[in-house]
Amino acid sequence: MTGRLGWREYALATPDQLLPVTEEFPDTMWLTALSSPGLTAYCAMDMFGRPMPGQTLVVTSAAGSVGGYAVQLGKLAGMRVIGLSGNAGKCRLVVEQLGADACINHSETGYEERLAAACPDGAHLFFDTTGGPVADRVFDNLAKYAKVLVVGRTVSNNSDRPDLDPVNMRQLWAREASIQGFSRYSYPERWSFARERMMALCRQGLIRTMDHLVDGFEKTPSALRDMLTGRCTGKVLVRYATATAITKDASA
């Protein structure tokens, strides 16, 4: 079973707080592609992105827990996908393993020029989970009537600096682009449908999962820090105990 039960070693839950899992998929897949990361990407793309074959999609944090699925879903929809990431290793992964047409390291000099070269016709759909200066540069390269999906804002989370949020709004106006905020918490009724669709894609081997597994309850704070600072690839998972250990404790 899976559920949002907080950071704890043990939890009491009612049936409505849990979702069943089966042995059809690995445990990590139930926590990644078939849980919040994959379903967030699917719902946002399905409800508001409406990807079109031949159009260009730009994805921030393309090697991240949500962005990595947005990259793959865009490719499955026939889009030309440009990923953005913060280091060369992640960029290689986004291209070689997730199938993006290109991935640009936004921490290197010349990011703006390489982004413009990768989007000669502009970005028709921008899937953003970070915000900040990286997103501002994408706004410079939007196509006319582009769509911007704001799925997260990790650059400015828990910050009192408004300048870390996107400020390049004049480009949205100039291109008559639309911007759509998306929070997965607002659409619980869509979760079941999205999970069924993602399960079908996983069965066909069309979705690749990524995770970074950390062992030990005591490592939860550092794992959260590493995730927020972009040190990890894919979904960060903290394993508190194994099923064998729990069974032994319960029978003691």
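The values are calculated or read from the model by the stated rules, or taken from the named source; none is laboratory data. Only a predicted model underlies this, so the values are computations on that prediction, with no experimental measurement involved. All Cβ positions, glycine included, derive from the backbone under ideal geometry; neighbour counts span all protein chains shown.
Points worth noting:
- Among helices (runs of 4 or more DSSP H) entirely within the stretch 132-248, having at least 3 residues that are within 18 Å of the chain's Cα centre (by Cα) singles out 132-139, 191-203, 220-228.
- Any hit, the stretch 5-20, residues being basic (Lys, Arg), more than 19 Å from Gly205 (Cβ to Cβ) and either surrounded by 24 or more Cβ atoms within 10 Å (Cβ to Cβ) or at pLDDT below 95 (or both): yes
- Listed by first and then second residue, the pairs with beta-carbon distance under 9 Å, at least 6 apart or on different chains, first residue in the stretch 40-57 and outside any helix (DSSP H, G or I), second modelled with pLDDT of 95 or more and of a type in the set (Phe, Trp, Tyr), are Leu57/Phe126; Leu57/Phe127.
- Close pairs (8 angstrom Cβ cut-off, 6 or more residues apart or separate chains): more than 16 Å from Leu31 (Cβ to Cβ) and in contact (Cβ under 8 Å) with a residue 24 or more places away in the chain in the stretch 1-20, assigned to a loop (DSSP other than H, G, I, E, B) and not basic (Lys, Arg) anywhere: Glu9/Tyr240; Glu9/Ala241
- Residue list for the stretch 14-39, restricted to those being within 22 Å of Glu96 (Cα to Cα) and assigned to a loop (DSSP other than H, G, I, E, B): Thr32, Ala33
- Taken over the stretch 94-126, the criterion of being outside any loop (DSSP other than H, G, I, E, B) and exposed (fewer than 13 other Cβ atoms within 10 Å of the Cβ) is satisfied by Glu96, Glu113, Ala117.
Results for (1) in contact with a strand residue (DSSP E or B) (Cβ under 8 Å, 6 or more places away or on another chain); (2) within 30 Å of Thr242 (Cβ to Cβ); (3) surrounded by fewer than 17 Cβ atoms within 10 Å (Cβ to Cβ), shown as yes or no for each residue.
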| residue | (1), (2), (3) |
| --- | --- |
| Gly131 | yes, no, no |
| Lys147 | yes, no, no |
| Val167 | no, no, yes |
| Arg175 | yes, no, no |
| Ile179 | yes, no, yes |
| Phe217 | yes, yes, yes |
